[in-house]
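Enquirer: The structure follows.
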Amino acid sequence: MGYTFKEKFHAWWEGYDLPPQGGIAGSVADLQSEMQDASGETAKLDPNKITLDKLDFLQALWGKGQIRPGSKEQALANSKPLILTDSTQVIEFGAGLGNYARAIAAANICYVDAFESDPLVVEAAQGQQQTPEEEKFASVALTTLDEMPNEKSYARVIFNRYLHRLENPTAMLVMARDQLKEQGVLLLNEYTAGPGGLLPDDTQAMMDGFSAPRPLISREVYCTALEELGFQIRVNEDGTAQHLRDIALAWSDFNKRLVDGEISLDLREMAPLIEQETERWGALSQALQDGTLQYARILAMV
């Protein structure tokens, strides 16, 4: 008998090779050979296609209701400078499964209209279990990229890893500015270009599940664009280090739960997804480390 997938994944995560066992090579390189289908071809998935299996796996990795790094506690801390009250109208872009919107809505008793661009993600978000407060004050709906979904005025606009998906991010900022109320506030939690040069094309093509169709904009360019729109920049932070810690912590916890038997996976069904996500987040982590990618937090007030 060869090594189990759990043992091989653990070895991959910890960075060591397994010795040969039972005449079968035991190194982590065998992960790929075990992913081959009957024709001998490695099962490859579209890195940006959302499926129900993928949503299940992503939540096993990042946490219930999450399709990327983050938590409700982090959402509350991140949104604190917005000074939300029960009279605040908020719009969020890049809602994912809605955890950020629900967290800030329930905690502050404010209304949050959250939007996502993938139909299946929106359907799954709408089916998530919610508290009465979350159900009353937060909603997740489908939107079209590069467009504002309605003509309502909002006191707060939040972009969560959304602008990198757009052909023209600065045009979206203009539209958001037009729908902001007086003394409105805009918050960007976004992937931006770093000082390390251009992001590799293959990494840009898959990002966090939503590819970037054009080279990323730097924090400085975002700040300049916002200032030209009449915003005052109140926060301009590089959150790259914390983002890297969040990624590493999630994978480490996933590995532990897998080895401890808390996660049960069908190897043939789930291995291609695991391969895809390890490739994605390995590439993103490398880009964050070498400075070709940053994770920015920008808070601006009209």
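The values are calculated or read from the model by the stated rules, or taken from the named source; none is laboratory data. Please read these numbers as outputs of a predicted model, since none were measured by experiment. Counting neighbours? That spans all protein chains shown, and the Cβs are built from the backbone with ideal geometry, glycine included. When the accessible area is computed, the model is the full protein with side chains, heavy atoms only, and any ligands, DNA or RNA have been set aside. Shrake-Rupley method; radii C 1.70, N 1.55, O 1.52, S 1.80 Å.
Enquirer: Which of the following residues is at pLDDT 95 or above, more than 27 Å from residue 194 (Cβ to Cβ) and among the charged types (D, E, K, R): 123, 92? Can you show your working first?
Expert: On the way: 92 fails: more than 27 Å from residue 194 (Cβ to Cβ).
Residue meeting the stated conditions: 123.
Enquirer: Quick check: anything in the range 37-47 part of a helix (DSSP H, G or I), in contact with a strand residue (DSSP E or B) (Cβ under 9 Å, 6 or more places away or on another chain) and either modelled with pLDDT of 95 or more or surrounded by fewer than 18 Cβ atoms within 10 Å (Cβ to Cβ) (or both)?
Expert: No: the range 37-47 contains no residue that is part of a helix (DSSP H, G or I), in contact with a strand residue (DSSP E or B) (Cβ under 9 Å, 6 or more places away or on another chain) and either modelled with pLDDT of 95 or more or surrounded by fewer than 18 Cβ atoms within 10 Å (Cβ to Cβ) (or both).
Enquirer: Taking the options 74, 89, 66, name whichever one is open to solvent by 20 Å² or more (accessible area, probe 1.4 Å), in contact with a strand residue (DSSP E or B) (Cβ under 6 Å, 6 or more places away or on another chain) and touching a residue at least 12 places away in the same chain (Cβ under 8 Å). Before you say what the answer is, go through the steps one by one.
Expert: Values: 74 fails: in contact with a strand residue (DSSP E or B) (Cβ under 6 Å, 6 or more places away or on another chain); 66 fails: in contact with a strand residue (DSSP E or B) (Cβ under 6 Å, 6 or more places away or on another chain).
Going through 74, 89, 66 in turn, just one is open to solvent by 20 Å² or more (accessible area, probe 1.4 Å), in contact with a strand residue (DSSP E or B) (Cβ under 6 Å, 6 or more places away or on another chain) and touching a residue at least 12 places away in the same chain (Cβ under 8 Å): 89.
Enquirer: Given the conditions (1) open to solvent by less than 50 Å² (accessible area, probe 1.4 Å); (2) of a type in the set (A, V, I, L, M); (3) in contact (Cβ under 8 Å) with a residue 40 or more places away in the chain, and given that residue 248 satisfies all but one, which numbered condition is not satisfied?
Expert: So the condition that residue 248 fails would be (3).
Enquirer: Could I ask something else about it? Among the residues of the range 116-128, count how many are open to solvent by less than 60 Å² (accessible area, probe 1.4 Å) and without any contact (Cβ under 8 Å) to a residue 40 or more places away in the chain. So that I can check it myself, show each step before the final result.
Expert: Going residue by residue through the range 116-128, those that are open to solvent by less than 60 Å² (accessible area, probe 1.4 Å) are 116-118, 120-122, 124-125, 128.
Checking which are without any contact (Cβ under 8 Å) to a residue 40 or more places away in the chain leaves us with 116, 122, 125.
Of the residues in the range 116-128, 3 are open to solvent by less than 60 Å² (accessible area, probe 1.4 Å) and without any contact (Cβ under 8 Å) to a residue 40 or more places away in the chain.
Enquirer: One residue is enough: does the range 184-193 have a residue meeting the conditions crowded, with 22+ Cβ neighbours inside 10 Å, in contact (Cβ under 8 Å) with a residue 60 or more places away in the chain and farther than 27 Å from residue 291 by Cβ?
Expert: Here is the first cut: in the range 184-193, the residues crowded, with 22+ Cβ neighbours inside 10 Å are 185-193.
Still in the list and also in contact (Cβ under 8 Å) with a residue 60 or more places away in the chain: 185-193.
When the remaining residues are screened for being farther than 27 Å from residue 291 by Cβ, the result is 185.
Yes, that holds for at least one residue.
Enquirer: OK, next. Which residue is nearest to residue 89 (Cα to Cα), if the candidates are limited to the range 141-157 and must be part of a loop (DSSP other than H, G, I, E, B) and among the aliphatic types (A, V, I, L, M)?
Expert: Ranking the qualifying residues of the range 141-157, first place goes to 148.
Enquirer: So residue 113 fits all but one of (1) touching a residue at least 60 places away in the same chain (Cβ under 8 Å); (2) over 14 Å from residue 250 (Cβ atoms); (3) outside any loop (DSSP other than H, G, I, E, B); what number is the exception?
Expert: (1)
Enquirer: Hey, can you tell me all the residues within the range 260-293 that are open to solvent by 70 Å² or more (accessible area, probe 1.4 Å) and assigned to a helix (DSSP H, G or I)?
Expert: 268, 269, 279, 286, 289, 290
Enquirer: Quick check on my filter: what residues within the range 195-238 are surrounded by 17 or more Cβ atoms within 10 Å (Cβ to Cβ), assigned to a loop (DSSP other than H, G, I, E, B) and not hydrophobic (A, V, I, L, M, F, W, C)?
Expert: 208, 209
Enquirer: Shifting gears a bit: Is it fair to say residue 111 is more than 17 Å from the chain's Cα centre (by Cα), open to solvent by 30 Å² or more (accessible area, probe 1.4 Å) and aromatic (Phe, Trp, Tyr)?
Expert: Criteria met by residue 111.
Enquirer: Report, by residue number, each residue of the range 140-155 that is without any contact (Cβ under 8 Å) to a residue 40 or more places away in the chain and either within 19 Å of the chain's Cα centre (by Cα) or open to solvent by 50 Å² or more (accessible area, probe 1.4 Å) (or both).
Expert: 141, 142, 144, 145, 146, 147, 151
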